[in-house]
Amino acid sequence: MSEQNVSAVERALMILDVFTDQDADLSLKDLSERTGMYKSTISRLAGTLESNGFLMISGRGRYRLGPALWRLGSIYRRSFRMDDVVRPHLSALVDQSGETASFYVPEGSNRLCLFRENSSRSLRHHLEEGAILPCDRGAAGHVIRAWGNGVDDRALEVLEHGFAQSHGERDPDISAIAVPVLDRHKQMLGVLSLSGPGSRFTAEKRQSVLSLLKSHALECGRSLSA
């Protein structure tokens with residue numbers, strides 16, 4: 001493949017990468033400002049992305065991510081072969097705690113919300129599957145760092161206690177508790193987390209949530225290691 005073709009691929013990927021949960025549709029001007037590319041270049045690349053299902057263009061001329069990305073994302077999730085094991089645990093955790101349950105895996109230097117079950121309460125922490133979040137904030141991020149290559153005091157503390165909790169680190173109103181899901185060799189397969197409004201995470205609630213998480217993480221790890 002020529003350098004010109006490689007460059008075109010990189011620019012096309014750059015266009016896809018500027019979409020976020022908060023900005024699900026973007027104008028040509030938005031894309032130009034975020035990528036630093038000329039509008040003419042974006043229009044040309046966007047036409048190719050649209051014809052292959054990676055972008056959609058609304059009647060108002062705004063761009064959205066296309067269904068081809070959902071298909072690839074579904075393949076990615078299924079490649080972990082964890083759905084049948086993890087999802088029942090998430091559903092049970094939501095039923096038992098009333099809070100949002102999530103399963104994270106490392107994604108480079110970040111963490112990926114691979115599976116989630118949102119709380120049915122009107123006041124809740126709402127997450128979307130596929131969300132990429134940092135590992136330097138949030139209970140699940142601290143667990144991933146601790147079982148990865150984290151060597152600071154926080155990581156050592158998490159390793160010692162076997163769980164992490166956070167209060168207002170990513171969102172001032174949200175608290176979370178997370179534990180690792182380990183295989184039979186004590187290698188981390190992922191992280192189970194419960195999160196919700198900090199006002200509901202009393203000392204008694206945190207203790208009960210931690211007990212639930214540890215129990216489900218143990219069973220989940222056993223099943224995934226079978």
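The values are calculated or read from the model by the stated rules, or taken from the named source; none is laboratory data. It should be emphasised that the depicted structure is a prediction, and the values quoted were computed from it without experimental measurement. Counting neighbours? That spans all protein chains shown, and the Cβs are built from the backbone with ideal geometry, glycine included. In case anyone asks, the SASA skips ligands and DNA or RNA and just uses the protein heavy atoms, side chains included. Shrake-Rupley method; radii C 1.70, N 1.55, O 1.52, S 1.80 Å.
Semi-axis lengths, largest first, of the ellipsoid equivalent to the chain are 37, 19, 17 Å, with √(5λ) applied to each eigenvalue of the Cα gyration tensor.
By definition, a body whose alpha carbon gyration tensor gives a ≥ b ≥ c is oblate when a/c is 1.5 or more and a/b is not larger than b/c, and segment 80-190 fits this oblate description.
With the highest mean first, a sort of the peptides 70-81, 176-187, 43-54 on other beta-carbon atoms found within 10 angstrom per residue produces 176-187, 43-54, 70-81.
With only the Cα atoms considered, segment 98-139 has a convex hull volume of 66 Å³ per residue. The angle between the Cα long axis of helix 39-51 and the longest principal axis of the Cα atoms of the chain comes to about 70 degrees, rounded to the nearest 10.
The gain in end-to-end length when the K39 to L16 segment is fully stretched comes to 6.8 nm, 0.36 nm per residue minus the alpha carbon separation. Here the 3J(HN,Hα) profile of segment 100-116, calculated from phi with Karplus coefficients 6.51, -1.76 and 1.60 at θ = phi - 60°, is 6, 10, 9, 10, 10, 10, x, 9, x, 8, 10, 9, 10, 7, 6, 9, 7 Hz, Gly and Pro shown as x. List nothing, just return the count: lysine pairs in the chain, 8 or more apart or interchain, with Cα separation under 29 Å. Here the count comes out as 4. Note on N149 and R64: with the Förster distance fixed at 35 Å, the Cβ-Cβ geometry gives a FRET efficiency of about 0.45. Rg of the Cα atoms in segment 34-111, relative to 2.2 N^0.38 Å, amounts to 1.59. Equivalent-ellipsoid semi-axes for segment 174-226 (Cα gyration tensor, √(5λ), whole Å, largest first): 25, 10, 7.
The slack between E160 and T202, meaning 0.36 nm per residue of separation minus the straight C-alpha distance, is 12.9 nm. Only the Cβ atoms of Lys and Arg (+1) and of Asp and Glu (-1) were treated as charged; on that basis the dipole of the chain about its Cα centre amounts to roughly 420 debye.
Taking every alpha-carbon pair within segment 1-63, the share separated by more than 17 Å comes to 34 percent.
Relative contact order of segment 1-73, taken over Cα pairs closer than 8 Å and 6 or more residues apart, is 27 percent. Each residue of segment 58-74 is assigned a 3J(HN,Hα), and the resulting list reads 7, x, 8, x, 9, 9, 9, 5, x, x, 4, 5, 5, 4, 5, x, 5 Hz, derived from the Karplus form 6.51 cos²θ - 1.76 cosθ + 1.60 (θ = phi - 60°), x at Gly and Pro. Amide H to amide H, with H built 1.01 Å from N, M56 comes under 5 Å of R64, L65, G66, counting only residues 5 or more places away or on other chains. The heavy atoms of R64 present about 110 square angstrom of accessible area, all protein chains included, probe 1.4 Å. Simple point charges give the picture: +1 on the Cβ of Lys and Arg, -1 on the Cβ of Asp and Glu, and for segment 34-130 a dipole about the Cα centre of about 540 debye.
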